[in-house]
Every structure is written in structure tokens, then in C-alpha cells.
1. Show the residue pairs meeting these rules: Cβ distance below 8 Å; 6+ apart or different chains; first residue within the range 257-268 and part of a helix (DSSP H, G or I); second residue among the aromatic types (Phe, Trp, Tyr).
2. Which one is least open to solvent (accessible area, probe 1.4 Å) among residues in the range 68-116 that are in a loop (DSSP other than H, G, I, E, B) and free of Cβ contacts under 8 Å to residues at least 40 places away in the same chain?
3. Of these, Leu111, Leu91, Leu99, which one is out of contact with any His (no Cβ under 6 Å at 6 or more places or on another chain), modelled with pLDDT of 95 or more and within 14 Å of the ligand (Cβ to nearest atom)?
4. Looking at Val243 and the list (1) open to solvent by less than 30 Å² (accessible area, probe 1.4 Å); (2) within 16 Å of the ligand (Cβ to nearest atom); (3) in the same structural domain as Asp137 (by TED's automatic domain parsing), which single condition is not satisfied?
5. Within the range 275-288, which residues are among the aliphatic types (A, V, I, L, M) and in contact with a helix residue (DSSP H, G or I) (Cβ under 9 Å, 6 or more places away or on another chain)?
6. Being assigned to a strand (DSSP E or B), open to solvent by 40 Å² or more (accessible area, probe 1.4 Å) and within 13 Å of the ligand (Cβ to nearest atom) is the filter here, so list the residues in the range 1-56 that pass it.
7. Select from the range 203-226 the residues that are open to solvent by 40 Å² or more (accessible area, probe 1.4 Å) and not in a loop (DSSP other than H, G, I, E, B) and write down the one among them that is modelled with the highest pLDDT.
8. Can you find a residue that is surrounded by 15 or more Cβ atoms within 10 Å (Cβ to Cβ), basic (Lys, Arg) and under 20 Å from Leu63 (Cα atoms) anywhere in the range 192-199?
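The values are calculated or read from the model by the stated rules, or taken from the named source; none is laboratory data. Everything quoted here is computed from the prediction, not taken from an experiment. Cβ coordinates were reconstructed from backbone atoms using ideal geometry, including for glycine residues, and neighbour counts include every protein chain displayed. Quick note on the areas: whole protein, heavy atoms, side chains included, nothing else; ligands and nucleic acids left out. Shrake-Rupley method; radii C 1.70, N 1.55, O 1.52, S 1.80 Å.
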Amino acid sequence: MFSSSLAELITENKPLAPFCWLKIGGNARFFAAPSTLDQLCQLCTEATQAGLPIRVIGGGSNLLVRAAGVDGLVLHLTGELAEVKTQGNTLSAGGGAPLHDAVSQAAAAGLAGLEEFAGIPGSVGGAVVSNSGVTNDDIGSRVKRVHVVHRSGEPAVMERDQLQFGFRRSNLEDLILAEVEMDLSSGDSAELTRRLQATWIGKRATQPPTDARVAQAFIEPSGSSIADLLDAAGMRTAAEGEVAMSSQFPGYLMVNENADAEQVLALTSRIMRAVEVQSGIQLQPQLKIW
Ligand SMILES: Cc1cc2nc3c(=O)[nH]c(=O)nc-3n(C[C@H](O)[C@H](O)[C@H](O)COP(=O)(O)OP(=O)(O)OC[C@H]3O[C@@H](n4cnc5c(N)ncnc54)[C@H](O)[C@@H]3O)c2cc1C
């Protein structure tokens, strides 16, 4: 299926659950962790020529993989595609770089603008594609240029005026994000590090521990509190099989060892219906489903 030059990069039937925060889901028929742009392009070219769908997994903090897994090629960006560099007021981060590396390296280099994203799990690629953020601010507003790869294997550069960011979405969702360049402003490194730590501590107090099997079930609806909506619909602690909404951290679902993706989907659908009936608000699911 793949040429001999790529063979050593490919693993067949790779379990995806260990890559996901929820730790559930099936296997990838083919899996590769490219470490250079050339490898990434070649993998995409050959997978597309073979008619295989291509997916990218970042930190797995916003992903629900069904038991059937992915009958295609799953990519996990590493090496050069996961590095963070700074030059002047520009921070360049590989799509596979952990977001917290970008946040902490920006502060250390005296670059302001990412501190408030401290504590958001996942990769830079996952954050930019989904335009992750906090109330009234998101990462897309910092992006000045992206280096992407089309599923055909063709690399491209997109400038700020070609990028569209909406609430937890962007026009990059069909592309593979190899590198992101962000425009930041100058600041005092010690002060930025203090702000970053304060944000991190605040965030940790409002979200489950990082070793828990959790996910943010819904996009925070604008103008309403998810906790209030769940309470009003009697869904604050709703459960389905081995999956339950967290009573302590509203909007987060937590799964037990024997949970499966269908239970997660059943619970989120039930909650969405109940909230709509009770409040007339259509919650949007946050998790990407494979
Ligand atoms: C405890 C907890 C707290 C959270 N807090 C927040 C928060 O405050 N704000 C917020 O916005 N979100 C939050 N989230 C949701 C999640 O962390 C973000 O959506 C995060 O940006 C997802 O990044 P990821 O790398 O984990 O993506 P993944 O889960 O790996 O993937 C999600 C989607 O992004 C795509 N993707 C990933 N990398 C790439 C790439 N390089 N190129 C193209 N597509 C890619 C995947 O294909 C998939 O469709 C939270 C989640 C948890 C579990």
C-alpha cells in the first residue's frame, strides 16, 4: 500500500484509545507519526492515491473514537512538526506541539498574548483548527500565517486574510496544520510567567484533574451558563452506562473503564434534547467524533 520509503513509519492496527483523554475507541488501520514536512506530504500523497481517508490526532482532548476505529491513515505530528520557536515578536509552533509548550515558551521569551490559554489541553494544531479559547477570547486572533498540507499531499501557506475563525471553528478543518505563526506583543517575562501561572491555577480549580478520563461535552453557549442550563433541565448529573456528567465540574463528562463511544453519544444527545425542550437552547457538541 505504502512505498518502501514510508514503510518504517507505518504501524498497522494501532490502538487509538491511549492517544485520547477518554481512553476509549478502536484502532487505526494505518498510523504514522511523521516528524518532517516532507514525510507528512508523502504520507498524504500516498494515502490519497490509495483512496484512504486521512485524519490527524493531536492531544486527543477533544476526540471521541468509536469502537470501529478509523479505516484509513491516522497521523500524529512529531519532531520538527511539534517544535516551538520564537523570533522577534513571532512564535512559530508545529501543529503537533503541545499548546502548553507554546504558552510557556512565549512567556519565557517575553512574548505576551498566550498566557490566558494556559491550562487548555491538547496541541497547537488542535487548538487553532477548533479556535479554542476562553470566554471572549480565542487563539485564532493571534494567528498571522499557517503552513498546511492538503489531503492530496500538497503543502500551502495561508496568510491572515485567508483565515476565518468563528466560535470554536475555523476554515482549516479539512486541512492538516503543519505549523502556525503567531503575532505576539512584547512583555516582561517574569510578569507574563506570573500571569500564566495564575491562569493555570484558576483553570485547574474549574476543571477535572488532568489524569481523569474527561471531555468537555458541549461548546459553552454564548450568553448562558452551561451549569444553569443543565440544572434547569435536570441534567446536571445525568448518566448513561459508564458515562456520567460531572457534578463538580459542570459540562464535563467523565467515563469509567468499561465506557464506550455509543454511551457518550447517547448521553450527549439526551442532554441536548432535554436542554432544548426546557430552555429552547440548542447545545452544540464539542467533541469531534471519529
Ligand atoms: C479538561 C479539559 C479542559 C478543556 N478546556 C478547554 C478550554 O478552556 N477552551 C477550549 O476551547 N477547549 C477546551 N477543551 C477542549 C480541547 O482541549 C480543545 O478543543 C483542544 O484545543 C483540542 O486539541 P487537541 O490537540 O487535543 O485535539 P484532538 O482532540 O487531538 O483533535 C480535535 C480535532 O482537531 C483536529 N486536529 C488536531 N490536530 C490537528 C492538526 N495538526 N491539523 C488539523 N487538524 C487537527 C483533529 O483531527 C480533530 O478533528 C478542554 C478539554 C478538556 C478535556
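1. Correct list of pairs: Thr268/Phe218.
2. It comes out as Ala97.
3. Numbers: Leu111 fails: within 14 Å of the ligand (Cβ to nearest atom); Leu91 fails: within 14 Å of the ligand (Cβ to nearest atom).
Residue meeting the stated conditions: Leu99.
4. If we test Val243 against (1) open to solvent by less than 30 Å² (accessible area, probe 1.4 Å); (2) within 16 Å of the ligand (Cβ to nearest atom); (3) in the same structural domain as Asp137 (by TED's automatic domain parsing), just (3) comes out false.
5. As a first pass, look at the range 275-288 and keep what is among the aliphatic types (A, V, I, L, M): 275, 277, 281, 283, 287.
Hits for the range 275-288 are Val275, Ile281, Leu283, Leu287.
6. Start the filter on the range 1-56 by keeping residues that are assigned to a strand (DSSP E or B), which leaves 10-15, 27-32, 54-56.
Still in the running and open to solvent by 40 Å² or more (accessible area, probe 1.4 Å): 11-15, 27, 29, 55-56.
Result: Arg55, Val56.
7. Taking the range 203-226 and keeping what is open to solvent by 40 Å² or more (accessible area, probe 1.4 Å), we get 203-206, 209-211, 213, 216, 220, 222-223, 225.
Filter once more, so that each one left must be not in a loop (DSSP other than H, G, I, E, B): 203-206, 216.
On the way: Lys203: 88, Arg204: 86, Ala205: 87, Thr206: 85, Gln216: 93.
The residue in question is Gln216.
8. No, because not a single residue in the range 192-199 is surrounded by 15 or more Cβ atoms within 10 Å (Cβ to Cβ), basic (Lys, Arg) and under 20 Å from Leu63 (Cα atoms).
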